[in-house]
Amino acid sequence: MKRKLSLVLAAVMVAGSLAACGGSSQPAATTAAPAATEATAAETEAAAAETEAAAAETEAAAPEAGGFKDTIKFARPADPADLDPTIGDDTYSTRMYHSIIPGLVQVDANGEIVPDLAESWEVSEDGLTWTFHLRPGLKFADGSDVTIEDWQFSFDRAKNTEESYWKYTAEPIVSVEGDNETVIITIAEENPAFLAYLTLFNMGLQSKAHFDELGGTYDGGWPLGAGAYYVTEWAHDQYVALDANPYYYKEGYPKTPHVRFETVGEDNSRTMMLQGGEIDIMSDLPFSSAAVTDAADGVSVVEWPSTQQRYLVLNNEANPAFADVKVRQALMMGTDFQQLIDMCLYGFGQKSNSFLSPKQLGYNTSLPEYTYDVEGAKALLAEAGYPDGFDVTFTLRAGNALFEQIGTIIQDQWSKIGVRVNIESMDNAALRELQNEMKLEMVIGTWTDDMPDPSQLTQYLLDYETNHGFYTNWKSDACNELFAEASKEMDDAKRYELYNQIQEICHDEVALPSLFNANEIVAQRDALTGFVQTPYGQYILEDVTVAE
Amino acid sequence: MAKNLSAKKIPFYKRVNLTLWIGVAIVAVFVLMAIIPSLFTHYDPDALDPTAMLQAPSAAHWFGTDNYGRDIYARCVYATKIDLVIGVFAMLVPMIMGTALGLLSGYYGGKLDMIIMRIFDIFMAFPYMVLAIAIVAITGAGLKALFFSIWLVGWKEYTRLIRSEVLVVKQSEYVQAAKVLGYSDARIILFTILPNVFSSSLVYAASDIVMCMMSSASLSYLGLGVQPPTSEWGAIMSGGKTFFAQASWISIFPGIFLILAGLGFSLVGDGLSDMIRTKKR
Amino acid sequence: MDVLNYVIKRILQMIPVFLIATIIVFALVRAIPGDPARVMLGDRASQEAVDLLRHKMGLDKSIPEQFWIFFKDMLHLDFGTSMKYKLPVGELLISRLACTALLALVTVVFTVIISFILGYVAGMKKGSFIDLIIRFYALFGLSAPSFWIGLVLLDFFALKLKLFPVSGWGETMGQHLKAMVLPALTSAIYVSGILIRNLRSNVIDISKSDYVDFAISKGISPARLSIFHVVRNALIPATTLLSLRVAVMLSGSVVLETVFTLPGLGNLLVNSIYSRDYPVVQGVVMMFVVLVMLINLITDILYSLLDPRVKLQ
């Protein structure tokens, strides 16, 4: 019943070593998962780690072995907003995509890019032609064969859905050719992030016939894919029901025939349902309840690494005080980040010195910290022309307990350096409208990476035209130049060096200060095993079993 | 003075009773707490204390602490001022307005009644949430939004209550008699009808004070009520929901303050209505 | 005949009210800052994408133009499609209303039982210890936050005793009713707090009135008099308050629906406002206008039935 973090990571790292031969991330301890045929040494290691890690269960492999429930009940606070992979990019949608519409490649529990529907691939010398060798006999969940038209349709949708924020990832694609065994993608120019793009949910394989049947839109419906599961029913604001895909490429998987994502808005009710056994696993447990919940019988709290960050967005257009870099630096010195992490995260997170998450590739580990120094902050403010401090309106998203905490703590901390913070809560739609018009002085920004590449966030931060520097009105020509170079640099070492420079500039200029990088916690019944959440937020459900 | 034809002849000032005194005493304590909170606690209600988060009630912290380590008893004491203001002023305007509309609507009937009642229907058609969020969008979250939304919504009960009683009372003998005697409408309404129906308003008003404070809790529940770090009983209670499992005291104790304040006001309301009540019908 | 005319007159009055309310809500939701297209496209959408979607959804037309389109559809009984759920508004409303209406019904039953009994006893035994306890209970019901009562009930009856489900409202009517018990009880505790005080006050009034003296002098036995006449006359204010509360209950309660995970109108309404889902917010208000007017009509007719002195006007 202790936090299983280290044990889970251990089992998972061993699994990672098996990943090269294709398959998901938890080792089948006793029987062979037919697709994985690797070295027995690795397998015995896996078995040993598994028995160590697991508390009571042993029949992890056999799907129909007696004594297992036939449905995984997963409770979350909200429904997915939209299951159209080009549009629905909220948390509750993105976590589900991997189970229903996987693509050529995927991310495993370690954040490594590994095969999914494609077994292997090569890139041409000039980096423009990517040839993917598909697993033989791929079928959609309704039994229809996967053809090259479906791949073309999916990439075309990803590229040409006009309202989609994600279309920039499919932009480089010039053509998709091939046959039922091979997909050959040609891109316009060399791109170091292209493979990472292919792990994204908007690149998932969707059945064209199904889309046409729905009338050429996913409105009121959902996509059909070749994943471990497929959606059978969606009762809005109540539940989403999934069934196992009988044609899934991995024999014997998924191990549990049904999944039900229950929507339960109230944190306390969700926890009660878990304790009472009405559900098997839940997400979004408040950090403050983690200790109490973990201590309860039959329930454990598991921590998963995440790239999730919260930022202070200082808009210098709305509040001129923020235009002076000394003021921004003073505010950093006047913020006790450790206190924030202790009081808000209860230990489930860490400080980040960059706008990039410490968990993301290319995070600059040698950036200096801003030390908490009240006197120094006041002195710096005086130097900048604010000896008596100044006033700030901090606009928070209404109804979000974490944001309210951050607001209250910052208000208290900054009062000591003479900065008077006035908190105003606003409902999210109004907030985003005003933020977009650059009328809000200070808000909390959020970001979670969806792929293992630093370009995703960097590109967003530096896209001044679209979002005015993440709504701060900050920009840097130097950073833009460095980024343009990095986007073409195929050598990893050189590329990360460029990103390091970008991060240094952003750090010194306090472009987008990070409050913290938070992990995610999931509470599950001890009877449930095999659940994995990747650092980029995909759920891997095919290994999950729930003992009776 | 009112010529109430069958009232018992006890002079007004002698009708003051024990219920009223106890109620006034309780309210007085709260008023004192509102004016001089430091008399009741030495803690600063807004002081964060990371070393004392979520502590159960103890000798040091009578009501325990919240997730910021703030003393809850102190927060409740300092919240008294805002809550009294909310309770009384948010209630007064609808009470006066609603009673007046109910009197007019019930007494005159006809077109006036129809128009007032149909306007009433339109207001009722808008669920509180829609109005509250729309108002917040205009005035911003906080006290102003709270007052406006309650004022817009709270007059309905008084209007209906008073109107329905007026419909009965206006058929009674002494109202008929007063008409025959040629008293003006205003005199009849204010001196004959109002005293007989007002006790309903009073009784409801006492509940309404508590309900207004609870409206603050509903707005805070959505994050649109009083803003941090302001302490207010309803806001403290709704904030305690997240910690219900491990720190249930956060939500309980402000409730006790609310109940006691509500008790004080309701005794005052009952006492006053005993004084006004006369034999009738 | 009288009553029938009255009903027809009232129904005719409903039409202008309905139109006015519809126009108000149509304009009101569009006046609040916040853009449904931006909400739909997520946090990272560009202004370009938002504008594209606005155009697709017809939101860039002028408000009177949008209203005209909406009005025409309404005449065909097409109330639009929810922008958030992509489902027809009518369907959505009816399914949520079913849950909320059932909850309101069960709550009314509990409330009537609790408040009439307690209100009557407190009134008749004014000044006694029982009176004090009942008045204290009424205050408690009013001041205790419903999420707190709800969670406590859930913790005890659902989690520990497993008598009721912790969440959801089930599939069959039997399951629905079972799932309604705890939330209705939570709601009833609050509403009875309001009713008890007024009922008690009315019972006290009546028991002192001429009317009662007169009845006694006519030889009607105190027992028979007591319950029947006293209660019947205290019913009018109680009916007023209860009918107003029923209307409020029918708009759903966010707190109750969240704590007990019920698919009701309250959550639908709040979620729709947050997403600026205009068709749904409009649909709810329009439905509400009709419901509220019906409730008020029924209440007014009830007044005249309960007390012959009241004339329909």
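The values are calculated or read from the model by the stated rules, or taken from the named source; none is laboratory data. Small disclaimer: the values here were computed from a predicted structure and weren't measured. Here Cβ is always computed from backbone atoms with ideal geometry, including for glycine, and neighbour counts include all displayed protein chains. What goes into the accessible areas is simple: the full protein's heavy atoms, side chains included, and nothing from ligands, DNA or RNA. Shrake-Rupley method; radii C 1.70, N 1.55, O 1.52, S 1.80 Å.
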For the pairs B:LYS241/C:LYS160; B:LYS170/C:LYS9; A:LYS208/C:LYS86; A:LYS416/B:LYS241; A:LYS208/A:LYS250, flag any whose C-alpha to C-alpha distance is greater than 25 Å.
A:LYS416/B:LYS241
On average, how many beta carbons from a partner chain sit within 10 Å of the beta carbon of a residue in B:150-163?
2
Please report, as a whole percent, how much of the solvent-accessible surface of the stretch B:25-75 comes from carbon and sulfur atoms (probe radius 1.4 Å).
68 percent
C-alpha center-to-center spacing [the stretch B:192-228, the stretch A:477-503] in angstrom:
62 Å
Volume in Å³ per residue [convex hull over Cα atoms, computed for chain B]
145 Å³
Given the candidates C:LEU153, C:ALA122, C:PRO263, the one whose Cα lies deepest towards the positive end of the charge dipole of the stretch C:89-306, counting +1 at each Lys or Arg C-beta and -1 at each Asp or Glu C-beta, is C:ALA122
Per residue of the protein assembly as shown, what 222 nm ellipticity follows from adding -39500 (n - 2.57) for every DSSP H run with n ≥ 4, rounded to the nearest 500?
-16500 deg cm²/dmol
What would the Debye equation give as log₁₀ I(q)/I(0) for the protein assembly as shown at q = 0.04, 0.07, 0.09, 0.10 Å⁻¹, counting only Cα atoms as equal point scatterers?
-0.25, -0.73, -1.13, -1.35
Less than 19 Å from a label point 7 Å out along the Cα-to-Cβ axis of C:LEU305: which backbone N atoms in the stretch C:93-110 qualify, by residue?
C:105-106, C:108-110
So if I average 1/r over every pair of distinct C-alpha atoms in the stretch C:89-306 and take the inverse, what Kirkwood radius in Å does that give?
19.0 Å
The stretch C:89-306: relative contact order as a whole-number percent, Cα under 8 Å and 6+ apart
30 percent
Roughly how much accessible area, to the nearest 100 Å², goes out of reach of solvent when C and A pair up, both sides summed, probe 1.4 Å?
3300 Å²
Just how far, in whole angstrom, is the stretch A:245-321 from the stretch C:59-79 if you go by their alpha carbon centroids?
41 Å
Pairs of alpha carbons in the stretch A:440-515 whose separation is greater than 17 Å (percent):
44 percent
Where does the stretch C:1-154 land on the Kirkwood hydrodynamic radius, alpha-carbon pairs, in angstrom?
21.1 Å
Compute the accessible area per residue over the protein assembly as shown, keeping the other protein chains in place, probe 1.4 Å, unit Å².
38 Å²
What is the sum of charges, Lys and Arg at +1 and Asp and Glu at -1, for the other residues whose Cβ falls under 12 Å from the Cβ of B:ALA52?
-2
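Taking R0 as 56 Å, what's the FRET efficiency between C:ASP43 and B:TYR183 from their Cβ-Cβ distance, rounded to 0.05?
On the way: r = 68 Å, r/R0 = 1.21.
The calculated FRET efficiency here is 0.25.
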Hey, in the GNM for chain B with a 10 angstrom Cα cutoff, which one of B:PRO229, B:PRO254, B:PRO94 fluctuates hardest?
B:PRO229
Of the accessible area of chain A, computed with a 1.4 Å probe and all protein chains kept, carbon and sulfur make up a percent value of 48 percent
List the relative contact order of chain A as a percent without decimals, with contacts defined as Cα pairs under 8 Å and 6+ residues apart.
20 percent
How large is log10 of I(q)/I(0) for chain A at q = 0.07, 0.10 Å⁻¹ when the intensity is taken from the Debye formula with one equal scatterer per alpha-carbon?
-0.42, -0.87
Under the span-like rule (Cα at least 15 Å along the axis, Kyte-Doolittle mean at least 1.6), DSSP H helices of chain B
B:18-35, B:128-139
Separation in nanometres of the label points that stand 7 Å from Cα toward Cβ, at C:SER95 and A:ASN180:
3.8 nm
Among B:GLY142, B:LEU101, B:ALA177, whose Cα lies farthest out toward the positive end of the dipole of the protein assembly as shown, if unit charges sit on the beta carbon of Lys, Arg (+1) and Asp, Glu (-1)?
B:ALA177
Using 31 Å as the Cα-Cα cut-off, could you pick out the over-long pairs in A:LYS439/C:LYS61; A:LYS159/A:LYS488; B:LYS156/B:LYS179; B:LYS144/C:LYS126; A:LYS139/A:LYS167?
B:LYS144/C:LYS126
With charges only on Cβ, +1 for K and R and -1 for D and E, what is the dipole size of chain A about its Cα centre, in debye, rounded to 20?
1200 debye
Out of the GluC sites (Glu not before Pro) in the stretch A:419-480, which ones are loop residues according to DSSP with at most 15 other C-beta atoms within 10 Å?
A:GLU437
Of C:THR240, C:THR258, C:THR172, the one that fluctuates the most in a GNM where chain C has Cα springs shorter than 10 Å
C:THR172
Compute the label zone of A:THR466 within the stretch A:416-441: residues whose backbone N is under 16 Å from the point 7 Å along Cα-to-Cβ.
A:436
Quick query: amide H of C:GLY42 versus all other amide H atoms, modeled in the peptide plane; which residues come in under 5 Å with a sequence gap of 5 or more or a different chain?
none
GNM on chain C, C-alpha springs below 10 Å: top fluctuator among C:LEU256, C:LEU93, C:LEU59?
C:LEU59
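Between A:SER124 and A:ALA209, what length comes free when the chain is fully extended (0.36 nm per residue of separation minus the Cα-Cα distance, one decimal in nm)?
In short, 27.4 nm is gained.
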For chain C, find the longest principal axis of its Cα atoms and tell me its angle to the long axis of helix C:47-57, 0 to 90°, nearest 10.
70 degrees
Which cross-chain or sequence-distant (5 or more) residues have an amide H under 5 Å from the amide H of A:THR307, H modelled 1.01 Å from N in plane?
A:ASP449
Can you tell which of C:GLN175, B:THR242, A:ASN428 lies farthest toward the positive end of the dipole of the protein assembly as shown, using +1 and -1 charges on the Cβ of basic and acidic side chains (Lys, Arg; Asp, Glu)?
C:GLN175
